[in-house]
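Working notes, beginning with the structure itself.
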Amino acid sequence: MLIWKAAGPEGSSTGAVLSGVTLAPSATGAFVDTRVHMLGNKRFRALYQVFDSNPSNPTGRCGAGREIHLFVYELTRPKPIERGSLVISSCLETVSLASQNSGSPDSESDFSSVTWQDDGFTIERWGIGPGGNASSHYALRNGWFVLDPPDSRNR
């Protein structure tokens, strides 16, 4: 389940949903994944921060567009620790999630193209690659989520 948290003048904390995490200053809000993802004995949660694509030129290319960045936090005490972040949807870079291009209502808040496995997560992107879509796997290595080349998983 995802919960929308708008950034506002009262601050940009994600509150009780993901206590101890503050949104980036330029974020307009975030979708907080309420599910906890287990990798070994570690617990993680995803936060999808939303930004304006081209705030300095609102009438230019992608002036009304959005950028979405995935931030992954390890749930530690006293507060979560960021373990990776990456752009998953961008008007300026013309990239998005496959699930956000389904044409269904509310597809822009559909993050089902981010799937978790035992060693990390896979992202299915729309509109790139030989068949139109492409996927990338990110694995936890030395405390950070990094792009995991496909051939390294087959060893």
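Please treat every number below as a calculation from the coordinates, not as lab data. No experiment lies behind these values; they were computed from the predicted model shown. Methodologically, a virtual Cβ is constructed for each residue, glycine included, from the backbone with ideal geometry; neighbour enumeration extends over all protein chains shown.
Local charge sum around THR34 (other residues, Cβ-Cβ under 15 Å, Lys/Arg +1, Asp/Glu -1)? Residues close to THR34 contribute a combined charge of +3. The H on the amide N of ARG83, modeled in the peptide plane, is under 5 Å from the matching H of VAL72, TYR73, GLU74, each at least 5 residues off or on a different chain.
Annotation: amide H of ASN54 within the under-5 Å range of GLY65, sequence separation 5 or more or interchain, hydrogens built in the peptide plane. Here ARG141 and LEU75 are evaluated by their C-beta separation; at R0 = 25 Å the FRET efficiency comes out at 0.85.
For region 36-127, report the translational diffusion coefficient in µm²/s to the nearest whole number, using Stokes-Einstein at 10 °C, 1.306 mPa s, and a Kirkwood Rh over Cα pairs.
Values: Rh = 14.4 Å.
Translational D for this selection: 110 µm²/s.
What FRET efficiency comes out for SER109 versus LYS42 if R0 is 25 angstrom and r is the Cβ-Cβ distance? Round to the nearest 0.05. It comes out at approximately 0.40. Rg over Rh for region 24-81 works out to 1.15, both radii taken from alpha-carbon positions and Rh defined as the Kirkwood radius.
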